[in-house]
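Here, each number is a calculation from the coordinates, and none is a lab measurement. Remember, it's a predicted structure, so these values are computed and weren't measured experimentally. Backbone-built Cβ (ideal geometry, glycine too); neighbour counts: all protein chains shown.
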Ligand SMILES: Cc1cc2nc3c(=O)[nH]c(=O)nc-3n(C[C@H](O)[C@H](O)[C@H](O)COP(=O)(O)O)c2cc1C
């Protein structure tokens with residue numbers, strides 16, 4: 001998955017957004033998003049994670065600049081959510097989600113508490129909240145639960 005020369009050029013994007021999906025349709029809609037995403041992310045050599053609290057999404061994507069940019073363009077215009085608010089847009093060395101085109105989690109109360117602190121569409125997210133979000137994603141990348149999800153073959 002990781003090319004030897006890509007470590008210096010990995011783009012990472014972390015955002016929080018607000019769901020526009022009616023609760024009754026959320027489960028089917030999420031299945032659809034995850035299915036399409038796993039295929040497209042794999043094709044673009046992008047890895048990452050999606051958290052969903054039923055009110056909000058947080059997503060972390062990492063990979064080649066062109067791949068993450070292509071996904072960003074699609075995700076920004078997707079009307080299943082709104083107020084897409086960037087927490088981090090950085091260059092990083094190595095992947096947190098090596099081998100996982102998209103790990104999905106219905107978020108816990110604890111995650112929801114952090115995501116709810118984000119002032120969506122209100123400009124820059126305070127540094128402390130960005131750090132908490134990044135920490136959350138890092139912890140998530142290390143959970144044993146990942147072993148039970150769909151790895152990239
Ligand atoms: C919260 C959210 C996260 C998404 N994450 C991804 C993703 O990681 N990869 C992906 O291919 N599509 C993702 N999508 C779906 C894209 O917005 C888009 O529908 C899909 O990539 C097809 O792209 P296209 O409509 O430009 O062909 C996401 C949609 C939402 C609402």
(Q) Cut-off 14 Å, label point 7 angstrom out along Cα-to-Cβ of residue 142: give me the residues of segment 80-123 whose amide nitrogen falls inside. (A) 96-97
Q. Is any residue of segment 52-66 close enough, with backbone N under 13 Å, to a label point placed 7 angstrom from the Cα of residue 120 along the Cα-Cβ axis, and if so, which?
A. 52-59
Q. So what is the 222 nm mean residue ellipticity for the chain from helices alone, if each DSSP H run of at least 4 adds -39500 (n - 2.57) and you divide by all residues, rounding to the nearest 500 deg cm²/dmol?
A. -11500 deg cm²/dmol
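Evaluate the relative contact order of the chain (contact order divided by residue number), counting alpha-carbon pairs under 8 angstrom at least 6 apart; express in whole percent.
33 percent
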Q) Which log10 I(q)/I(0) values, to two decimals, does segment 7-148 give at q = 0.18, 0.21 Å⁻¹ under the Debye formula with one point per Cα? A) -1.06, -1.52
